[in-house]
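Notes follow once the structure below has been shown.
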Amino acid sequence: MSGGYRRLTPEEALEIVKKEQRGKLKIFLGYAPGVGKTYAMLNEGNRRLKRGQDVVIGYVETHGRKDTEAQIGNLEIIPRKKIEYHGMILEEMDVDAIIARKPEVVLIDELAHTNAPGSKHKKRYEDVQEILEHGINVLTTLNIQHIESLNDIIQQITGVAVRETVPDSIIDNADEIVAVDLTPDALINRLKRGDVYPLSKLDECLSNFFRKGNLSALRELMLRLTAEEVDLELEEYMKEHGIENTWETNEKIMVCITPNPLSKKLIRRGARRARRFKCDWVVVYVDCTHFLAPKLTEKDKEVLESHFMLAKQLGAEVYTLRGKSVSDELLKFAKKMHITQIIIGHSQRSWLQTLFRGSTVIKLIKKAKNIEIHVIPYTK
């Protein structure tokens, strides 16, 4: 028996079979409406059709753009499902019809879309996950602003709060991500020609979301994300082929949260940093038993629970500690878990609490050895 051979366990073999049976997900990623995601997706669909693959359109939204409409070509379109809601007839993608048709490839636009009430799933990405489970390959489109861990930084750049998001796990598990790139100047020219939205909306677009500075920042985020995905794919390839991985890192990040609603900013910062370092990360809350510590209200508990849900969705392990000193509990846990970076918000203690108990942030900075401390302002 050769030294490099190892028999797979039944569990490993089952995972391989499941992976092979599952459809492949390809995401056409853009940084703004109008860069050409839908056009690129339809174009690839037609190329595959010409090569003999069975390709259908599950859902496409052309927004009246003639060039995009022309790309539909000979592709079969699965009729949309009609849903009655408050006296209106709404149209959504028909998941069951796609699964029953069972094509090789289905094209599904706008992955972050929220379905109409009464649909099979609440979100379109959940529709896509079910379709993939049936062995159907999916081509889909997504803009960078709809990725959950980037939610707060997108709002900071654009001033727009994006409500429709997809979990980072969808991006992480995609088989292929294609950056649909266009310079900000070229996109603005498209706007001025009326190729993206009606010309009546031009001034509003250029003075809000489509400011050149916004577009440049969003484009950089998209290119960074796709570059990170390339690194991850290469790392996975090296591991699968037994190539020694010289990029291995021992970084481990701990995010310290409170019931403050803005702790979500810290969690998202932790998710982005963990992704950058390709490392594990944890989110920690300390239930302080000190007599001066404020007692949690029911509202505080609800906010904390929403923090925990977001952290888990973004891939963190969540821990609740308990003790008299917040800084001591955090430091003990950090040493136990071999934490290398701590992310914490500015102190929120009153002057009286700080007078008698000091500052958790300052204590961490003084006592933590060989741990980076990142102190993040509690601002929107």
| Mind checking the angle between helix 184-193 and the chain's longest principal axis? C-alpha axes, 0 to 90 degrees, to the nearest 10. | 50
| field | Segment ARG101-LYS312, length gained on full extension (0.36 nm per residue, minus Cα span) | value | 72.5 nm
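Would you mind telling me the share, in percent, of accessible area of segment 251-374 contributed by carbon and sulfur at probe 1.4 angstrom? Don't jump to the answer; show the numbers that get you there.
Values: 3680 of 6630 Å².
The computed percentage sits at 56.
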| remark: What helix-only [θ] at 222 nm does the chain give? Using -39500 (n - 2.57) per DSSP H run of at least 4, over all residues, to the nearest 500, the answer is -13000 deg cm²/dmol
| said: In the chain, if the dipole is taken from +1 on Lys/Arg beta carbons and -1 on Asp/Glu beta carbons about the Cα centre, which of ALA217, VAL95, THR258 is farthest to the positive end? | reply: THR258
| Tensor-based shape of the chain (alpha-carbon gyration tensor, a/c under 1.5 rounded, otherwise prolate or oblate) | prolate
| task | Taking the chain as the reference, fit the longest principal axis to its C-alpha atoms, fit the long axis of helix 263-277 to the helix C-alpha atoms, and give the angle between the two in degrees, 0 to 90, nearest 10. | result | 70
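Could you work out the local net charge near GLY213, counting Lys and Arg as +1, Asp and Glu as -1, over the other residues with Cβ closer than 12 Å to its Cβ? Each step should come with its number before you reach the end.
Numbers: positive: ARG211, LYS212, ARG219; negative: GLU220.
Cβ neighbours under 12 Å give a net charge of +2.
Averaged per residue, what accessible area in Å² does the chain show with a 1.4 Å probe, protein chains only?
Numbers: 20810 Å² over 380 residues.
So the chain comes to 55 Å² accessible per residue, rounded to a whole number.
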| query | List the lysines whose alpha-carbon lies under 23 Å from that of LYS367, not counting same-chain residues fewer than 8 positions away? | reply | LYS252, LYS324, LYS332, LYS335, LYS336
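What does the C-alpha gyration tensor say about the overall shape of segment 251-374? Classify as rounded when a/c is under 1.5, otherwise prolate if a/b is larger than b/c, or oblate. Before the final figure, lay out the partial values.
Numbers: a/c = 1.88, a/b = 1.22, b/c = 1.54.
Oblate, since a/c reaches 1.5 and b/c is not below a/b.
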| Using alpha-carbon coordinates, inclination of helix 124-133 to the longest axis of the chain, degrees | 80
| field | Point-charge dipole on Cβ atoms (K/R +1, D/E -1) for segment 251-374, about Cα centre, debye to 20 | value | 420
| remark: Along segment 152-162, Karplus-curve 3J(HN,Hα) (6.51, -1.76, 1.60; θ = phi - 60°) to the nearest Hz, with x for Gly and Pro, reads 6, 6, 5, 5, 5, 6, 9, x, 10, 8, 7
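I'd like the FRET efficiency for LYS299 and TYR319, computed as 1/(1 + (r/R0)^6) with the beta carbon distance as r and R0 of 22 Å, rounded to 0.05.
The computed FRET efficiency comes out at 0.50.
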| task | For ILE136, list long-range residues whose amide hydrogen, built 1.01 Å from N in the peptide plane, is under 5 Å from its own amide hydrogen. | result | GLY23
| query | How big is the antiparallel share of DSSP beta bridges in segment 8-239, given as a percent to the nearest 5? | reply | 20
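If you place +1 on the Cβ of every Lys and Arg and -1 on the Cβ of every Asp and Glu, how big does the dipole about the Cα centre of segment 8-239 come out, in debye to the nearest 20? Please report the intermediate quantities before stating the final value.
Values: 31 positive and 41 negative charges, 198 e Å.
In debye, rounded to 20, segment 8-239 gives about 960.
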| query | Among LEU29, GLY159, THR68, whose Cα lies farthest out toward the positive end of the dipole of the chain, if unit charges sit on the beta carbon of Lys, Arg (+1) and Asp, Glu (-1)? | reply | GLY159
| task | Measure off 7 Å from each Cα along the Cα-to-Cβ vector at GLU133 and LYS66, then give the distance between these two points in nanometres to one decimal. | result | 4.4
| request: Label segment 281-347 by shape, choosing from rounded, prolate and oblate, from the square roots a ≥ b ≥ c of the eigenvalues of the Cα gyration tensor; if a/c is under 1.5 it is rounded, and otherwise prolate applies when a/b is larger than b/c, oblate when it is not. | output: oblate
| said: Given a 10 angstrom Cα cut-off, can you work out which residue in ASN208, ASN43, ASN370 is the most mobile in a GNM of the chain? | reply: ASN370
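The values are calculated or read from the model by the stated rules, or taken from the named source; none is laboratory data. Because the structure is a prediction, the values reported are computed rather than measured. Note that each Cβ is placed from the backbone with ideal geometry, even for glycine, and that neighbours are counted across all protein chains shown. For the accessible areas, the whole protein counts, side chains as well, though only heavy atoms, and no ligand, DNA or RNA atoms are used. Shrake-Rupley method; radii C 1.70, N 1.55, O 1.52, S 1.80 Å.
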